[in-house]
1. Using label points projected 7 Å from each Cα along Cα→Cβ, tell me how many nm separate residue 28 and residue 108, to one decimal.
2. Near the amide H of residue 239, under 5 Å away, which other amide H atoms are found, from residues 5 or more places off or on another chain, if H is placed in the peptide plane?
3. If R₀ is 41 angstrom, what is the calculated FRET efficiency for the pair residue 233 and residue 16, using the beta carbon separation as r and rounding to 0.05?
4. Once you have the Cα-Cα distance between residue 261 and residue 186, take 0.36 nm times their residue separation minus that, and quote the gain in nm to one decimal.
5. Residue 106: accessible area at probe 1.4 Å, nearest 10 Å²?
6. Rolling a 1.4 angstrom probe over the protein heavy atoms, how many square angstrom per residue are accessible across segment 41-106?
7. For residue 332 and residue 78, calculate 0.36 nm times their separation in residues minus their Cα-Cα distance, and state this gained length in nm to one decimal.
8. Please give me the summed charge of the neighbours of residue 331: other residues whose Cβ is under 10 Å from its Cβ, Lys and Arg +1, Asp and Glu -1.
Amino acid sequence: MGEKENYSRARGALRLSALLALAFGIAVVDTLTDMEIAVGVFHVAVVLLAMSFLSPKGVARIAVLCLILTVISFLATKSGDHGSGLINCLISLAAIIAATYLSLRMAMATRAEHEARAHLAQIGRVNMLGELTASIAHEVNQPLAAIATSGNACLRWLAGEPANLPKARQAVERIISDAHRASEVIARVRALAKRAPPHKEWLNVADTITGILALVHSELEQQRVQLNLQIPEGLPPLLADRVQVQQVLLNLILNASEAINAARDERRELEIRVDQQPSGQIGFAVCDTGIGLDTESAERLFEAFYTTKAEGMGIGLAVSRSIIEAHGGRIWASANPGGGAIFHFTLPGNAMEPT
């Protein structure tokens, strides 16, 4: 980690040095040419280049430096008409100020967009958690009920004459195990609800899918949805945000479950397929036997606030698209030949294990 930070700092220092050299080079050329030539306008390029790797404060400082160099170049230039030189100097100063203002406004707009996207993702998480309330309650109630049962059994074994200590010890061990189960469910729910910046790590595909299925398997069982998994062995790891990838899977699984319920068909099947594509990307597919898609819906499904549900918000799929695209993948939907729909998405895979 230290080597990466040192490399990043060295690269930043090199780019800043090159940028300053360009600014001073433009100033020198501006000084050596006639006043009629507005070389100082090229300082606009310096400001635009600064936008690519400096903070807004850094860009403002570079812009001030360019303004100072432009004025110094004008004062130091000896050849050419003074009146034309003054006009060219003012034009250069105005161009630098305008470029800086527009660049900073663009940076503010980009930051606002990122914040809005993060907020939208948070709304999507909370919305999904609301839909999962019944399933989560069931997941937590199971170990709690088991704890109560084991606790009563432990009291009975201890109250015997003589006390059956081996049986009581087993009951206590079951209590501890069930308490851990409840704690794990709560931890997974908190991870999905937590508003935190993306944290990319190396993920095992099978473990990532299993982790989210632990939250929904009870709900799928209650709705009599048959779940099939096709995950081949030997898949490369993914460098991605675990919570965000699981959020996408959760949204697609819940949507598939609702579509299956709406279809009221005897075939209640949900399949999750994973494969490695020739391009090296990892492909995911969530297939259902639900009500299916029409052409218009398939094209607009990932638009924000567009929904085909009577009580839908049109957020989940839009958030899913932003997450997948931010990871360098893509997401789309198609009709399932056997009836229903298939939601596909891809994520960049890595041919070698991380070192």
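1. With each label point 7 Å from Cα toward Cβ, the separation is 3.7 nm.
2. Amide H to amide H, under 5 Å and 5 or more residues apart or across chains, residue 239 pairs with 203.
3. With R0 = 41 Å, the Cβ-Cβ based efficiency is 0.30.
4. Result: 24.3 nm gained on full extension.
5. Its heavy atoms expose roughly 120 Å² to the probe.
6. Per-residue accessible area for segment 41-106 comes out at 55 Å².
7. 85.0 nm
8. With Lys, Arg at +1 and Asp, Glu at -1, the neighbours total +1.
The values are calculated or read from the model by the stated rules, or taken from the named source; none is laboratory data. Here the structure is a predicted model, which is why all the values come from computation and not from measurement. Cβ coordinates were reconstructed from backbone atoms using ideal geometry, including for glycine residues, and neighbour counts include every protein chain displayed. Calculation scope for accessible area: heavy atoms of the full protein, side chains included, ligands and nucleic acids excluded. Shrake-Rupley method; radii C 1.70, N 1.55, O 1.52, S 1.80 Å.
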